[in-house]
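Peer 1: Dropping the structure in here first, questions after.
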Amino acid sequence: MSGVIDLLIASFREPSAAAAFAARLGDHATIFDQHTVVARSAGGWAEGPTPLMAAQGDVVDRRRAALLTLGAISAALASQGDSALTDWSPPFRVAWTGNGGVNAAADSAGLANWFHWQGDGVAAVAASATAIARAFGLAPDTRALGGLALTGAMINDDSAIAGVHKLLSGTGVRLTAGQRELRALPPASVLSAPGEALAAATQRLLAAYPTAEVELSGGWDSRMILAAIPSAARKGRTGFTIGSAEAPDVIVARRLAAAGQMVHEIVDPARIAALGPESFAALLATAAARDDYASNPLDRAVLNFVNAARPPAPRFSGQNGEILRGFYYPGQPLTSAPSAALARRVIDWRIIANDVVSPTLFRPDWLDTMRADAVSRLEGLLVGGGDGDWGAALDRYYLEQRMQRWCGTSVSAALGMRPILLPFFDADVLALARATPAAEKAGSRFAAATITRLDAELGAIALDSGLTPAAVAAGGIANRLAQARKFAAKAAAKVQQKLFTRDRASFGSATSLGLARSHGLFSAIDLHRLSGLGIFADSALEGFARGTTLPSRATGGFMLNCHYLLERLDNGTTP
């Protein structure tokens with residue numbers, strides 16, 4: 001499928017099994033050694049000199065603030081092994097030979113996806129779970145799909161495929177003669193003092209990519225990056241904003257670009273409406289496949305459409321800036337000790353609320369089981385990290401779960417297409433986030449102070465709320481009242497969402513949902529195939545078949561995702 005980039009490495013106990021597997025895959029496969037087969041279904045993977053087998057995503061050496069060549073990557077892996085990764089900026093993934101086997105690892109933040117599986121006399125690692133499934137005839141994981149239906153993302157190391165797991169941050173995998181071994185990787189190096197962390201991380205990437213453009217919104221995160229770029233380096237740099245010219249966020253972004261004497265481009269996604277049924281269906285199917293069926297294709301389609309029209313230039317992204325401004329803190333007792341009661345409250349009111357699929361879609365007994373299982377797992381993830389207080393637990397959960405499984409899925413899909421620059425995932429910035437008390441980050445005060453300290457002019461430009469970062473940093477009655485009003489509005493919206501199971505629309509998803517409905521894509525779903533999963537209520541499928549059910553964003557996206565997943569698994573065995 002267009003846009004899908006897969007790489008699969010399989011290790012067999014018996015050389016004859018490796019040879020038979022390679023023969024079955026034909027031109028897609030290469031016998032690396034008598035036990036190991038490498039299969040590639042598309043481009044986008046660089047193969048370097050020994051020991052480097054494959055690399056995806058540009059690798060920036062943080063100590064040298066320089067982009068590494070394949071030769072330099074190979075030499076570092078040959079001499080240092082796992083330790084070489086500690087100085088490299090996210091996101092990337094590499095595979096190399098050493099210590100008697102094939103090794104695979106990703107960046108320290110776990111953004112770039114590797115998936116691993118152990119069978120009888122065979123083990124595999126791949127860039128997508130479905131690549132392993134198609135090669136070895138594996139089935140969907142309905143437990144993982146239950147977590148996706150409840151939270152909008154995969155939980156922890158789940159994948160859409162039974163027995164296949166995501167390689168979590170800080171973990172590497174080695175395949176040796178049909179056996180899989182997971183091991184802890186050394187932690188990423190911290191190179192700068194906390195007060196210099198954001199500027200240092202941003203400027204290291206800037207040194208490696210002097211002409212990188214900036215994803216520029218009117219919000220906090222891209223403004224922090226902009227403030228960390230020296231004013232002289234902003235002049236003439238491209239900043240692009242997605243949205244209509246009259247949108248409040250775009251208006252603020254335009255002011256920021258003007259202050260920095262930047263070239264500002266506005267990308268209006270409305271032209272996606274011109275796509276016909278076949279083109280839009282293909283866009284959704286590709287979005288589902290690119291994310292390895294781990295997200296809602298209605299949420300991804302517009303962004304994928306916009307990015308496909310952009311040049312493959314290196315780009316600064318503000319993903320994970322939230323960890324410095326605690327947007328998930330409102331209403332939380334940040335200094336309390338982590339507890340099961342606090343975990344259950346945030347699970348019920350936030351984690352299982354924002355993207356939940358309509359419960360009427362599923363068999364009640366299955367859904368009850370899935371909800372109990374998901375709540376138990378999420379509770380363990382929230383309280384099991386040994387955190388000093390609840391604010392720190394929320395930070396860790398957000399980074400290890402939301403960022404790895406939501407942001408990481410999107411970032412991983414884009415590797416090999418353009419360089420992605422993510423200063424908020426730099427080890428220095430993460431150390432800063434951990435060292436800063438949650439109370440200082442709450443209400444975006446720390447982010448505001450950071451912007452104002454780095455660039456007073458940017459701190460004086462109002463957000464679309466009317467407040468300036470300088471005012472937020474200073475505090476005062478006006479800021480406190482504005483924050484209180486904002487929290488009250490969010491709380492009211494959350495109550496409405498809980499009572500009426502309302503969707504929390506993401507960027508472009510309303511457009512995608514409208515197009516899917518108008519083009520009749522929901523009526524094209526293979527309901528007979530979906531019924532074979534054993535999770536759907538017959539009455540719900542009948543409603544789809546009659547056209548009387550008008551699905552929401554979360555519900556429609558989940559149905560499409562399952563449809564595309566089963567279609568892909570039924571369509572041959574080539575990864």
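The values are calculated or read from the model by the stated rules, or taken from the named source; none is laboratory data. Bear in mind the structure is a predicted one, so any value in this text is a computation, not a measurement. A quick note on method: Cβ atoms are made from the backbone with ideal geometry, for glycine too, and the neighbour counts reach across all protein chains shown. In case anyone asks, the SASA skips ligands and DNA or RNA and just uses the protein heavy atoms, side chains included. Shrake-Rupley method; radii C 1.70, N 1.55, O 1.52, S 1.80 Å.
Peer 1: Name the helices (runs of 4 or more DSSP H) wholly inside region 189-285 in which the number of residues that are among the small types (Gly, Ala, Ser) and free of Cβ contacts under 8 Å to residues at least 12 places away in the same chain is 1 or more.
Peer 2: The helices (runs of 4 or more DSSP H) meeting that bar are 231-234, 248-259.
Peer 1: Scanning region 535-555 for residues that are outside any helix (DSSP H, G or I) and of a type outside the set (A, V, I, L, M, F, W, C), which turns out most open to solvent (accessible area, probe 1.4 Å)?
Peer 2: Here the answer is THR548.
Peer 1: Mind listing whichever residues of region 526-574 are within 27 Å of ILE351 (Cβ to Cβ), among the hydrophobic types (A, V, I, L, M, F, W, C) and under 28 Å from the mean Cα position of the chain (by Cα)?
Peer 2: The answer is LEU530, LEU533, ILE535, PHE536, ALA554, PHE558, MET559, LEU560, CYS562, LEU565, LEU566.
Peer 1: Let me ask something additional. Just for region 107-155: of the residues that are β-branched (Val, Ile, Thr) and within 25 Å of SER16 (Cα to Cα), which one is surrounded by the fewest Cβ atoms within 10 Å (Cβ to Cβ)?
Peer 2: Of the residues in region 107-155, the ones β-branched (Val, Ile, Thr) are 122, 125, 130, 132, 142, 151, 155.
Narrowing further to those that are within 25 Å of SER16 (Cα to Cα): 122, 125, 130, 132.
Working: VAL122: 24, VAL125: 28, THR130: 26, ILE132: 26.
Among those residues, the one meeting the criterion is VAL122.
Okay, residues lined up against (1) in a strand (DSSP E or B); (2) touching a residue at least 60 places away in the same chain (Cβ under 8 Å):
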{"position": "MET53", "(1), (2)": "yes, no"}
{"position": "ARG64", "(1), (2)": "no, no"}
{"position": "ALA72", "(1), (2)": "no, no"}
{"position": "ALA78", "(1), (2)": "no, no"}
{"position": "VAL94", "(1), (2)": "yes, no"}
{"position": "SER108", "(1), (2)": "no, yes"}
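Peer 1: Still on this model: Output the residues belonging to region 365-415 that are farther than 25 Å from PHE115 by Cα and either among the hydroxyl-bearing types (Ser, Thr, Tyr) or outside any helix (DSSP H, G or I) (or both).
Peer 2: Passing the criteria: THR369, GLY386, ASP387, GLY388, ASP389.
Peer 1: Report yes if GLY163 is surrounded by fewer than 18 Cβ atoms within 10 Å (Cβ to Cβ) and under 30 Å from MET370 (Cβ atoms), otherwise no.
Peer 2: yes
Peer 1: Can I ask one more? Pairs under 7 Å by beta carbon, first residue farther than 13 Å from TYR397 by Cα in region 337-350, partner surrounded by 15 or more Cβ atoms within 10 Å (Cβ to Cβ) and of a type in the set (Asp, Glu), six or more apart or different chains?
Peer 2: Hits for this filter: ALA337/ASP389; ALA340/GLU379; ARG344/GLU379.
Peer 1: Okay, moving on. Go through region 340-364 and count every residue that is outside any helix (DSSP H, G or I) and either of a type in the set (A, V, I, L, M, F, W, C) or open to solvent by less than 40 Å² (accessible area, probe 1.4 Å) (or both).
Peer 2: Number of matching residues: 8.
Peer 1: As an exercise: evaluate LEU399 against (1) within 16 Å of the chain's Cα centre (by Cα); (2) surrounded by fewer than 18 Cβ atoms within 10 Å (Cβ to Cβ) and give the number of the one condition it does not meet.
Peer 2: (2)
Peer 1: Can you find a residue in region 502-517 that is at positive phi and at pLDDT 95 or above?
Peer 2: No, region 502-517 contains no residue that is at positive phi and at pLDDT 95 or above.
Peer 1: Moving to a separate point now. Before we move on, is SER169 within 23 Å of the chain's Cα centre (by Cα), part of a loop (DSSP other than H, G, I, E, B) and of a type outside the set (Asp, Glu)? Break it down into steps so the answer makes sense when it comes.
Peer 2: Numbers: within 23 Å of the chain's Cα centre (by Cα): yes; part of a loop (DSSP other than H, G, I, E, B): yes; of a type outside the set (Asp, Glu): yes.
Yes.
Peer 1: If PRO194 satisfies all but one of (1) touching a strand residue (DSSP E or B) at 6+ places or on another chain (Cβ under 6 Å); (2) surrounded by fewer than 22 Cβ atoms within 10 Å (Cβ to Cβ), what's the number of the condition it fails?
Peer 2: For PRO194, the failing item is (1).
Peer 1: Another question, if that's okay. Which one of these does GLY48 not meet: (1) closer than 30 Å to SER192 by Cβ; (2) at pLDDT below 95; (3) surrounded by 22 or more Cβ atoms within 10 Å (Cβ to Cβ)?
Peer 2: GLY48 satisfies all of (1) closer than 30 Å to SER192 by Cβ; (2) at pLDDT below 95; (3) surrounded by 22 or more Cβ atoms within 10 Å (Cβ to Cβ) except (3).
Peer 1: Regarding GLU379, is this residue closer than 13 Å to GLY326 by Cβ and without any contact (Cβ under 8 Å) to a residue 40 or more places away in the chain?
Peer 2: No; evaluated as a whole, the condition is false for this residue.
Peer 1: Oh, and also: I'd like to know if region 314-333 contains one or more residues that are open to solvent by 30 Å² or more (accessible area, probe 1.4 Å), aliphatic (A, V, I, L, M), over 15 Å from THR241 (Cα atoms) and touching a residue at least 40 places away in the same chain (Cβ under 8 Å).
Peer 2: No - not one qualifying residue is present in region 314-333.
Peer 1: What's the number of the condition ASN103 fails, among (1) more than 25 Å from the chain's Cα centre (by Cα); (2) part of a strand (DSSP E or B)?
Peer 2: (1)
Peer 1: Can you pull out every residue in region 522-532 that is open to solvent by less than 50 Å² (accessible area, probe 1.4 Å), among the aliphatic types (A, V, I, L, M) and either over 16 Å from THR360 (Cα atoms) or free of Cβ contacts under 8 Å to residues at least 12 places away in the same chain (or both)?
Peer 2: ILE525
Peer 1: Here is a further query. Do we have ALA149 as among the hydrophobic types (A, V, I, L, M, F, W, C), in a helix (DSSP H, G or I) and farther than 25 Å from PRO91 by Cα here?
Peer 2: Values: among the hydrophobic types (A, V, I, L, M, F, W, C): yes; in a helix (DSSP H, G or I): yes; farther than 25 Å from PRO91 by Cα: yes.
The answer is yes for ALA149.
Peer 1: Within region 23-44, which residues are of a type in the set (Asp, Glu) and surrounded by 15 or more Cβ atoms within 10 Å (Cβ to Cβ)?
Peer 2: Residues satisfying the conditions do not exist here.
Peer 1: Whether any residue in region 98-106 is touching a residue at least 60 places away in the same chain (Cβ under 8 Å), surrounded by 19 or more Cβ atoms within 10 Å (Cβ to Cβ) and under 20 Å from MET417 (Cα atoms) is what I want to check.
Peer 2: Yes, that holds for at least one residue.
Peer 1: Still on this structure, please answer the following. On the basis of being touching an Asp or Glu at 6+ places or on another chain (Cβ under 8 Å) and either over 24 Å from SER412 (Cα atoms) or at pLDDT below 95 (or both), does ALA301 make the cut?
Peer 2: No; evaluated as a whole, the condition is false for this residue.
Peer 1: Which condition from (1) buried (at least 18 other Cβ atoms within 10 Å of the Cβ); (2) within 26 Å of GLY121 (Cα to Cα); (3) touching a helix residue (DSSP H, G or I) at 6+ places or on another chain (Cβ under 8 Å) is the one that LEU168 breaks?
Peer 2: So LEU168 meets the others, but not (1).
Peer 1: Does ALA124 fit the bill of being touching a residue at least 12 places away in the same chain (Cβ under 8 Å), outside any strand (DSSP E or B) and farther than 28 Å from ARG62 by Cα?
Peer 2: Judged against the criteria, ALA124 is not a match.
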